[in-house]
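What follows is one structure encoded as structure tokens, with my remarks underneath.
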Number of protein chains: 2
Amino acid sequence: MKFNIAQPDQALKPQLIHTINNKTKPLGALGQLETIALQIGLIQQTLTPELNRPTMLVFAGDHGIAESGVSPYPQAVTAQMVLNFLRGGAAINVFAKQNNMQLCVIDSGVNHQFEPNADLIDAKIGMGTRNFLYEPAMTLPHCEQAIEKGVQIVDKQIAAGCNVLGFGEMGIGNTSSASCLMSVLCDLPIEACVGRGTGLSDTGLAEKKRTLAQAIKRHRLTSTDAMQALSTFGGFEIAMMVGAMLHAAQKQCTLLIDGFITTAALLVAARLEPNILDYCVFTHCSDESGHKVMLDFVHVQPLLNIDLRLGEGTGAALAYPLVLASVNFLNEMASFESAAVSQKLAV
Amino acid sequence: MKFNIAQPDQALKPQLIHTINNKTKPLGALGQLETIALQIGLIQQTLTPELNRPTMLVFAGDHGIAESGVSPYPQAVTAQMVLNFLRGGAAINVFAKQNNMQLCVIDSGVNHQFEPNADLIDAKIGMGTRNFLYEPAMTLPHCEQAIEKGVQIVDKQIAAGCNVLGFGEMGIGNTSSASCLMSVLCDLPIEACVGRGTGLSDTGLAEKKRTLAQAIKRHRLTSTDAMQALSTFGGFEIAMMVGAMLHAAQKQCTLLIDGFITTAALLVAARLEPNILDYCVFTHCSDESGHKVMLDFVHVQPLLNIDLRLGEGTGAALAYPLVLASVNFLNEMASFESAAVSQKLAV
């Protein structure tokens, strides 16, 4: 797979800033919304950007490492939650529906054979990954296959008219994958990258740290080995997200990045194509310890900070109205001139 | 005016917590949304709360202190912005429309005689307040009249079916009012309560601090003089908000508190009726220095922290989808039992 993501042309920047500054509000008074309005204007190369057919992609996959006691939930929960998504009972269903986002659920590699279902995208690479405590989670060809499937999934969404994509995931054990990816790609000791996931006890957390330290020690990867890190530690859902993200940015979509695992996928993507960051809105800072460190690593400030740690893309879906508001104020607010409002004096 | 705000009955609390904890998500994984779901369940005394006819009240008024150079904008901007609200060109129009909130604009005391307009609620107490640098901003009877008007405005909204109200304001000079109220009610030196408002320069800020220090020194009020502080420093829009807030809480509405000036009004209301805090959702922490101190003073954690400092109720309108999401997950998510998802193991 070859990707080629260019930085958005910056020529429009002065005009966008002028437009934002002339809206009927004090200079800078819409804070982060102004930053996002500028960003999306540049992504779409227009003073009047639009967010069309907002879509949340939720990638699900199982992880061999789950057998090593890194999660307080049994592996079966991945498939059970996918069925919950299909029946509309999960948090992401509620939030996507509320905020008028399409929801696509993708079987990237769940350890369960689902009945055919029009609402489930079958992109299964395997029945879950291998246990990376003993061997790489997937082969390099499988990893590339997952990336390619991610590209195809995004292509279909773009063909349907979508230009803004949220990324979410489900997979028991995948905070362990994400922690190992973070440790390698941010060049940090694994202990700084491991958190409680879905709710480990102190004992469980200590054990998870010991287990993942062993895995890191076994594979001895460095931060330049992005693809190898992904195939060694990644889940199928994480690899598929990497492909989906890279392609979405290449096609000038706006990317809504969710929590710890989604950001780990982005770290891989950004190592391959650093300009992808210009297309990303970081929707929240998760309560999972490590996420803030990741966000600091890529020097970004997320929109929400409300102690979410659910995954599924819920943070991205919850923050979407703020992203929409950024575009809406740019398009719909009056200017000082058009509204005949007096400008600031020099005080 | 007599108000009597009771703490919501807490008997339902264990059942609400049980319902929240049995949704298909890790315990506590929805963070602040869970706190709000519990709060609104208690306000409405039900396991299935509803937010009906969400309404944003924007109170506008002029301030005598504006003549003393405390704002970089001329007083005329208050009336100009009211006209902008009526034409749909302001930020609050865009955000209220996006998030399906009714918008009510109230002339509490703007220094301008508006043409009759069905979309403008005429509750004018006067053509702006007096300059509190030299004399109290309003008389006590005027202050009580403003509070009473606030009650009537909320009564009409409740009669129309509304049970969730956002509070916002417009008034050149009103960060000065709010700073003085904060200084008195939080018992803090005025210098700790003054910020740049709509964007003062360093020189302007220093001058604003000197001016307000003089005003504070002249009136010598203490933190128990809530009504006197309100009539001395308050704008008509702030006094009207106080009445509206007190009545809304008394009628078991959910209150969406916006930024610095709205929170100053709430400080007055909470001094009169401390239980009002149980009915308030603090929607954001403003970039106006002092707002965070106010929020800490009432021991609350706001939803958004995205450097807004616009007023008009914009923070409340922008955060409303998060409040709605809190109610929606409580009503719509499946439980572990109903979705046949395995519960957490002891790890």
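The values are calculated or read from the model by the stated rules, or taken from the named source; none is laboratory data. Every value quoted in this text rests on a predicted model; they were computed, and no experiment measured them. Using ideal geometry, Cβ is built from the backbone for each residue, glycine included, and neighbour counts are taken over all protein chains shown. Note: areas computed on protein heavy atoms with side chains; ligands, DNA, RNA excluded. Shrake-Rupley method; radii C 1.70, N 1.55, O 1.52, S 1.80 Å.
Looking at the stretch A:233-256, which of its residues are closer than 18 Å to A:ILE158 by Cβ and either open to solvent by 30 Å² or more (accessible area, probe 1.4 Å) or not in a helix (DSSP H, G or I) (or both)?
Looking only at the stretch A:233-256, we keep the residues that are closer than 18 Å to A:ILE158 by Cβ, and these are A:240-256.
Result: A:GLN250, A:LYS251, A:GLN252, A:CYS253, A:THR254, A:LEU255, A:LEU256.
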Practice task
Kindly indicate whether A:ARG218 is open to solvent by 10 Å² or more (accessible area, probe 1.4 Å) and either under 16 Å from the mean Cα position of the chain (by Cα) or under 24 Å from A:ALA96 (Cβ atoms) (or both).
Solution key: no
Exercise for the section: Mind listing whichever residues of the stretch B:101-149 are over 10 Å from B:PHE236 (Cα atoms) and of a type in the set (Gly, Ala, Ser)? Expected result: B:ALA118
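What are the residues in the stretch B:129-177 that are hydroxyl-bearing (Ser, Thr, Tyr) and under 15 Å from the mean Cα position of the chain (by Cα), if any?
Result: B:THR175, B:SER177.
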Practice task
Among the candidates A:GLY89, A:GLY126, single out the residue that is at the interface with chain B (Cβ under 10 Å from one of its Cβ atoms), more than 21 Å from the chain's Cα centre (by Cα) and open to solvent by less than 50 Å² (accessible area, probe 1.4 Å).
Solution key: A:GLY89
Handout entry: Per-region count, the stretch B:62-81, residues at the interface with chain A (Cβ under 9 Å from one of its Cβ atoms), open to solvent by 10 Å² or more (accessible area, probe 1.4 Å) and closer than 19 Å to B:ALA206 by Cβ
Key = 3
Handout entry: Exclusive hit being closer than 20 Å to B:GLY109 by Cα and either touching a residue at least 40 places away in the same chain (Cβ under 8 Å) or of a type outside the set (D, E, K, R) (or both), set B:VAL300, B:VAL268
Key = B:VAL268
Fill in the blank from the handout: Among the residues of the stretch A:19-51, the number that are over 16 Å from B:HIS284 (Cβ atoms), assigned to a helix (DSSP H, G or I) and of a type in the set (A, V, I, L, M, F, W, C) is 6
Practice task
Can you tell me which residue among A:ASN84, A:ASN131, A:ASN99 is closer than 24 Å to A:ILE65 by Cβ, within 11 Å of chain B (Cβ to nearest Cβ) and touching a helix residue (DSSP H, G or I) at 6+ places or on another chain (Cβ under 6 Å)?
Solution key: A:ASN84
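Surrounded by fewer than 18 Cβ atoms within 10 Å (Cβ to Cβ) and on the phi > 0 side of the Ramachandran plot, is that true of A:ASN100?
Judged against the criteria, A:ASN100 is a match.
From the list B:LEU181, B:LEU188, B:LEU230, which residue is in a loop (DSSP other than H, G, I, E, B) and either closer than 30 Å to B:THR254 by Cα or in contact with a Gly (Cβ under 6 Å, 6 or more places away or on another chain) (or both)?
Unique residue meeting the criteria: B:LEU188.
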Fill in the blank from the handout: Subset of the stretch B:188-210, residues farther than 22 Å from B:ASP296 by Cβ and either within 23 Å of the chain's Cα centre (by Cα) or buried (at least 18 other Cβ atoms within 10 Å of the Cβ) (or both), comes to B:THR198, B:GLY199, B:LEU200, B:GLY204, B:LYS208
Problem - Test: residue in the stretch A:7-23 that is of a type outside the set (Phe, Trp, Tyr), under 23 Å from the mean Cα position of the chain (by Cα) and either over 30 Å from B:LYS344 (Cα atoms) or surrounded by fewer than 21 Cβ atoms within 10 Å (Cβ to Cβ) (or both) - result: yes
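Looking for whichever is out of contact with any strand residue (DSSP E or B) (no Cβ under 7 Å at 6 or more places or on another chain), touching a residue at least 12 places away in the same chain (Cβ under 8 Å), of a type in the set (A, V, I, L, M, F, W, C) and at the interface with chain B (Cβ under 10 Å from one of its Cβ atoms) here; the options are A:LEU330, A:LEU308. Which one fits?
A:LEU330
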Exercise for the section: Output yes when any residue across the stretch B:175-187 is in contact with a Ser or Thr (Cβ under 7 Å, 6 or more places away or on another chain), under 30 Å from B:ASP225 (Cβ atoms) and open to solvent by 20 Å² or more (accessible area, probe 1.4 Å), and no when none is. Expected result: yes
Exercise for the section: Please identify the pairs in which a residue from the stretch A:160-175 that is farther than 23 Å from A:TYR279 by Cβ has its Cβ atom under 9 Å from the Cβ atom of a residue that is of a type in the set (Lys, Arg) and open to solvent by 10 Å² or more (accessible area, probe 1.4 Å), counting only partners at least 6 apart or on another chain. Expected result: A:THR175/A:ARG196
Exercise for the section: Please determine, by comparing only the residues of the stretch A:131-156 that are over 18 Å from A:ASP225 (Cβ atoms) and charged (D, E, K, R), which one is surrounded by the most Cβ atoms within 10 Å (Cβ to Cβ). Expected result: A:LYS149
Practice task
Exactly one condition in (1) among the acidic types (Asp, Glu); (2) farther than 17 Å from A:ALA269 by Cβ; (3) not in a helix (DSSP H, G or I) is not met by A:GLU207; state its number.
Solution key: (3)
Exercise for the section: State whether the residues of the stretch B:83-95 include one that is assigned to a strand (DSSP E or B), within 27 Å of B:LEU277 (Cβ to Cβ) and in contact (Cβ under 8 Å) with a residue 60 or more places away in the chain. Expected result: no
Exercise for the section: Sort out which residues of the stretch B:333-342 are polar (S, T, N, Q) and at the interface with chain A (Cβ under 8 Å from one of its Cβ atoms), and write them in order of number. Expected result: B:SER338, B:SER342
Practice task
Assess whether B:GLY235 counts as being touching a helix residue (DSSP H, G or I) at 6+ places or on another chain (Cβ under 7 Å) and at positive phi.
Solution key: no
Exercise for the section: State which residue is least open to solvent (accessible area, probe 1.4 Å) when the search covers only the stretch A:266-324 and only residues that are of a type in the set (S, T, N, Q) and assigned to a helix (DSSP H, G or I). Expected result: A:THR314
Practice task
Report, by residue number, each residue of the stretch B:132-159 that is touching a residue at least 40 places away in the same chain (Cβ under 8 Å), farther than 23 Å from B:GLN44 by Cβ and of a type in the set (Asp, Glu).
Solution key: B:GLU144, B:GLU148
Handout entry: So B:VAL347, is it modelled with pLDDT under 95 and open to solvent by 10 Å² or more (accessible area, probe 1.4 Å)
Key = yes
Practice task
Please name all residue pairs, on different chains or six or more residues apart, with Cβ atoms under 7 Å, provided the first residue is in the stretch A:196-210 and is within 7 Å of chain B (Cβ to nearest Cβ) and the second residue is open to solvent by 30 Å² or more (accessible area, probe 1.4 Å).
Solution key: A:GLY199/B:LEU27; A:GLY199/B:LYS344; A:LEU200/B:VAL347; A:SER201/B:VAL347; A:GLY204/B:VAL347
Practice task
Can you confirm whether the stretch B:24-34 contains a residue that is open to solvent by 10 Å² or more (accessible area, probe 1.4 Å) and away from chain A (no Cβ under 11 Å)?
Solution key: no
